[in-house]
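Taking it in order: structure first as structure tokens, then the write-up.
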């Protein structure tokens, strides 16, 4: 990866963290790596569904892939950033997320996979971008 692409990716991840914090997420981990791959951001948020009787809503672990493109030039010729999260990438993210949960001893939690697509200063947050059922890998 070229230095320019690394800088673009790092600045995109910084923008993503700011966006997530401003929108009520707690950042649990960043750039979690294993031999299988990397998860850009692991966050936690409150789900919108509450429990009967007015109890507090449950929290949800969110595994987030950040994809960044420059607003002009060759970068956009590859299409919008979210298209880079293809089935191979999704399978890899699911495997790494499962490793993360095992290593951190996370059990009985709702999880989801989001994509933050960043082009210039514009952030598109795709919640539930994919799930394990849409991939070859099974739990």
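General observations
- Selection status of residue 39, modelled with pLDDT of 90 or more, under 22 Å from residue 131 (Cβ atoms) and touching a strand residue (DSSP E or B) at 6+ places or on another chain (Cβ under 7 Å): yes
- Answer residue from the range 73-90, given it is surrounded by fewer than 17 Cβ atoms within 10 Å (Cβ to Cβ) and modelled with pLDDT of 65 or more and is nearest to residue 39 (Cα to Cα) among those: 89
The values are calculated or read from the model by the stated rules, or taken from the named source; none is laboratory data. Source: prediction; values computed, not measured. Ideal geometry is used to build each Cβ from the backbone, glycine not excepted, and the neighbour counts take in all protein chains shown.
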